[in-house]
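Worksheet for the structure shown next.
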Amino acid sequence: MNKRARLEGYDLIGDVHGCGATLAALLEKLGYHQRGGVYRHPRRKVIFLGDLVDRGPRVRLAVQIAYRMVEAGEAHIVMGNHEYNALTYCQPAPSGLGRDWLREHSPRNNRIIRETLEQYRDHPQEWEEALAWFLEMPLCLELDGLRVVHACWDQALIDELYRRRPDARLDQAFLVESTAPGTRAFKILDRLTRGTQMPLPLGVAIHSGDGFTRRSFRTHFWARSPQTWGDVVFQPDNLPGDLEQRPLTEEERARLCHYGLDEPPLFIGHYWCEGMPALPTANIACLDYSAVKFGRLVAYRWSGESRLNADHFVWLRVPREEQVRPQPCEIDLD
């Protein structure tokens, strides 16, 4: 029997969002090849940053590739907010909660998951197996000197998660609790899979190029002493008017957390960056480059370095047939 060569590092891959064919092509570019139905590399493994599902035309393929790699020990994965959304959308609420489903079947939520459900419509058993796998995904990973979370590494909340769930995975009780605003489980799920957001002033909205209207903006967590909204905004859309100069209030500043330069390398997705992949800090890489929105599917080849290097990004532009432009709609998009 051939022994596997010594592991040289990890290839971390950002939000796939149903671009399954591009994921296969990116793995090939990274030197992974299918053997026994699983993409494998002789000296490296993959870490997926979550959000395999929704939006794109090859959701089933993306899930199959990642699932087979994880099951074969060729990859790890953390849960994204879209896997969490799918779990709660598809699970009936226990009696006494005053709702039919853990995640409301509202027009907004219906729209977000519609493409995924359509692609699994004729494969109900496969969808049930995918949901069971989503529940097994940890919310964060720490291994071999790196850290991984879908949206935000908040050490205090991660410590709390570890106390309750040492494997960082949800159980049924935690899942149900996490759907109730105001609970600790809700705060942990919300922060780790969605990050922090600041509400815009009353009557102000961002009209994005993708056709959606948003009434809050996404913020990052690596500014040591942020003073203004512009110091923490982290999204492609500019803030309207002169809001970037608006001072942060003490209440707004208290919502934020801070990931310092002395912390281990951290990899996140979630924030639909645009343009050429770049590092926001020397020890943080965001790998979500809007793959399904005319962007790139991005990986980072990590080989143990404590300070990251932008030359280690590897990406493919997503071809037109795997891109989806949402129709204009007055909603906030997760």
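Results, tabulated for the structure shown:
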| read-out | value |
| --- | --- |
| Residues of the stretch 166-212 classified as within 29 Å of Arg246 (Cβ to Cβ), more than 19 Å from the chain's Cα centre (by Cα) and open to solvent by 40 Å² or more (accessible area, probe 1.4 Å), total | 8 |
| Positions within the stretch 138-165 being surrounded by 23 or more Cβ atoms within 10 Å (Cβ to Cβ) and in contact with a helix residue (DSSP H, G or I) (Cβ under 6 Å, 6 or more places away or on another chain), in sequence order | Leu139, Val149, His150, Ala151, Cys152, Asp154, Leu161 |
| Complete set of residues in the stretch 91-122 that are under 19 Å from the mean Cα position of the chain (by Cα) and surrounded by 17 or more Cβ atoms within 10 Å (Cβ to Cβ) | Arg103, Asn109, Ile112, Ile113, Glu115, Thr116 |
| Selection count, the stretch 12-57, where residues are in contact with a strand residue (DSSP E or B) (Cβ under 8 Å, 6 or more places away or on another chain), under 22 Å from Phe134 (Cβ atoms), in contact (Cβ under 8 Å) with a residue 60 or more places away in the chain and charged (D, E, K, R) | 2 |
| Residues of the stretch 192-247 satisfying the condition of being of a type in the set (A, V, I, L, M, F, W, C) and under 30 Å from Glu142 (Cβ atoms) | Leu192, Met198, Phe217, Phe221, Trp222, Ala223, Val232, Val233, Phe234 |
| One residue from Ala282, Ala254, Ala299 being among the small types (Gly, Ala, Ser), open to solvent by 60 Å² or more (accessible area, probe 1.4 Å) and either closer than 27 Å to Gln119 by Cβ or more than 20 Å from the chain's Cα centre (by Cα) (or both) | Ala254 |
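The values are calculated or read from the model by the stated rules, or taken from the named source; none is laboratory data. Because the structure is predicted, anything quoted here is derived from the model rather than measured. Note that we place each Cβ from the backbone using ideal geometry, even for glycine, and neighbour counts take in every protein chain shown. These accessible areas exclude ligands, DNA and RNA; they are computed on the full protein's heavy atoms, side chains included. Shrake-Rupley method; radii C 1.70, N 1.55, O 1.52, S 1.80 Å.
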